[in-house]
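Read-outs: derived from the displayed coordinates by stated rules, not from any lab. This one's a predicted model, so the numbers in the text were calculated from it and none came from an experiment. Every residue, glycine among them, receives a Cβ derived from its backbone with ideal geometry; neighbour counts consider all protein chains shown.
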Amino acid sequence: MGLFDLFGKKKSTGEMQRKVQGSEKSGQGEFEVQDVYQIMGVGTVPVGKVVSGSIRPGQKATVNGIVAEVKTIERNHMRLEVALQGEFIGINLSNVSKNDIKRGEILSFR
């Protein structure tokens with residue numbers, strides 16, 4: 001049984017798996033910020049959606065010219081090793097404050 005994409009066309013599970021594996025290997029991603037939290041003892045945590053590619057802990061993020069590092073990624077209180085396109089997640093970033101990131105901005109990861 002196939003999965004449906006946005007236009008209602010069927011995609012096989014194999015096609016979907018190849019797409020996921022390709023985005024995991026790219027190591028680059030973009031993230032749209034929905035909100036930003038400053039959590040005591042944790043740090044700055046922007047939450048939002050991965051709009052392209054994938055994001056992993058240890059990657060560098062560019063935030064308005066500031067380079068930050070991804071410490072952890074969480075979804076529904078569970079840690080993730082990789083976040084893929086379309087997932088809603090929270091990212092713990094180092095070297096950046098809550099005031100450096102605004103709603104609607106796109107963070108790029110390398």
Practice task
Sort 55-62, 34-41 for me by packing, meaning the mean count of neighbouring Cβ atoms within 10 Å per residue, highest on top.
Solution key: 55-62, 34-41
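Tell me which GluC sites (Glu not before Pro) from region 44-104 have a DSSP coil assignment and no more than 12 other beta carbons within 10 Å of their own.
Values: sites: Glu69, Glu74, Glu81, Glu87; in loops: Glu81, Glu87.
Taking region 44-104 and a limit of 12 other Cβ atoms within 10 Å, the loop GluC sites (Glu not before Pro) found are Glu81.
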Exercise for the section: Could you work out how far apart the two model spin labels at Arg103 and Phe88 are, taking each label as a point 7 Å from the Cα in the direction of the beta carbon, and quote it in nm? Expected result: 1.4 nm
